[in-house]
1. Going through 123, 182 one at a time, which residue ends up being of a type outside the set (Phe, Trp, Tyr), touching a Lys or Arg at 6+ places or on another chain (Cβ under 9 Å) and surrounded by 14 or more Cβ atoms within 10 Å (Cβ to Cβ)?
2. Can you find a residue that is more than 21 Å from residue 48 (Cα to Cα), out of contact with any strand residue (DSSP E or B) (no Cβ under 7 Å at 6 or more places or on another chain) and in contact (Cβ under 8 Å) with a residue 60 or more places away in the chain anywhere in region 209-217?
3. When you go through (1) in contact (Cβ under 8 Å) with a residue 40 or more places away in the chain; (2) of a type in the set (Ser, Thr, Tyr); (3) crowded, with 22+ Cβ neighbours inside 10 Å one by one for residue 53, which number turns out not to apply?
4. Anything in region 12-61 that is in contact with a helix residue (DSSP H, G or I) (Cβ under 7 Å, 6 or more places away or on another chain) and at pLDDT below 90? List them, or say none.
5. When you check residue 72 against the structure, is it more than 24 Å from residue 110 (Cβ to Cβ), aromatic (Phe, Trp, Tyr), modelled with pLDDT of 95 or more and surrounded by 19 or more Cβ atoms within 10 Å (Cβ to Cβ), yes or no?
6. What number goes with the only condition from (1) closer than 22 Å to residue 20 by Cα; (2) within 16 Å of the chain's Cα centre (by Cα) that residue 90 does not pass?
7. Which residue is surrounded by the most Cβ atoms within 10 Å (Cβ to Cβ), if the candidates are limited to region 132-173 and must be outside any loop (DSSP other than H, G, I, E, B) and of a type in the set (D, E, K, R)?
8. Only one residue in 129, 43 is in a helix (DSSP H, G or I), within 16 Å of the chain's Cα centre (by Cα) and surrounded by 21 or more Cβ atoms within 10 Å (Cβ to Cβ). Which one?
Amino acid sequence: MEDTNIERIKAAQSLYTKPLLAVYDWLLLGVHCRFVWRCPSRHMLELYNRHVSVNHLDVGVGTGYFLDRCKFPTANPRLALMDLNRNCLEVSGKRLARYKPSVYQKNVLDPINIDTPGFDSIGMMNLLHCLPGNIKSKGVVFNNLKVLLNPNGVVFGSTFLYGGVQRSLLATYTLHLTNRLGFMTNMEDDLEGLKAILAQHFADSIVQVIGCVGLFVAL
């Protein structure tokens, strides 16, 4: 991986300290999603409720907010958590301890080799906009994760887009600021690009736009 990408990954990861994670649900999933991105987090939760399976891998786990609230098809799902940030894995792992999740500290931009059976669903909520590169180069994530997906499995998630969506002045300012600080890299991420990388890696996919957010499902 290029040195510039490594530095961008470190910058994005540096945001997710335990103090920030303590207010993450209220600040980022509450205030920001509703008032900055104009996509209340209930829409992301609905995506989980429609597509999460009894055999689920979550990538880019944050605090485990959606997994804590979603309706699994069973009371005892097989659950795995994957993230590069150890703080996120610790916080979400503790929050979801009732499911006894497996935990993997991995960089999804690299090939993923783990000795485990495949999954029927993979969630990647609010992940792509944190990754370095443009929307086309980020397609490698789907290539890396597909090896963990069972036949007829589903991948779903969301990402904040810059192009092809309606942005308020507040959203535009926030996107420029977070990109300048290195917390996001999505100034080249647009709706058509997202659709294109999904079509490249999956036979069927759909993207719904709410505010600045692209919510996607791929099979």
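1. On the way: 123 fails: touching a Lys or Arg at 6+ places or on another chain (Cβ under 9 Å).
Answer to the selection: 182.
2. Here is the first cut: in region 209-217, the ones more than 21 Å from residue 48 (Cα to Cα) are none.
No, because not a single residue in region 209-217 is more than 21 Å from residue 48 (Cα to Cα), out of contact with any strand residue (DSSP E or B) (no Cβ under 7 Å at 6 or more places or on another chain) and in contact (Cβ under 8 Å) with a residue 60 or more places away in the chain.
3. Exception for residue 53: condition (3).
4. Passing the criteria: 12, 16, 17, 18.
5. On the way: more than 24 Å from residue 110 (Cβ to Cβ): yes; aromatic (Phe, Trp, Tyr): yes; modelled with pLDDT of 95 or more: yes; surrounded by 19 or more Cβ atoms within 10 Å (Cβ to Cβ): no.
No, not satisfied.
6. If we test residue 90 against (1) closer than 22 Å to residue 20 by Cα; (2) within 16 Å of the chain's Cα centre (by Cα), just (2) comes out false.
7. Out of the qualifying residues, it is 138.
8. Values: 43 fails: surrounded by 21 or more Cβ atoms within 10 Å (Cβ to Cβ).
It is 129.
The values are calculated or read from the model by the stated rules, or taken from the named source; none is laboratory data. Please read all numbers here as calculations on a predicted model, not as lab measurements. Quick reminder, even Gly has a Cβ in these numbers, built from the backbone with ideal geometry, and neighbours come from all protein chains shown.
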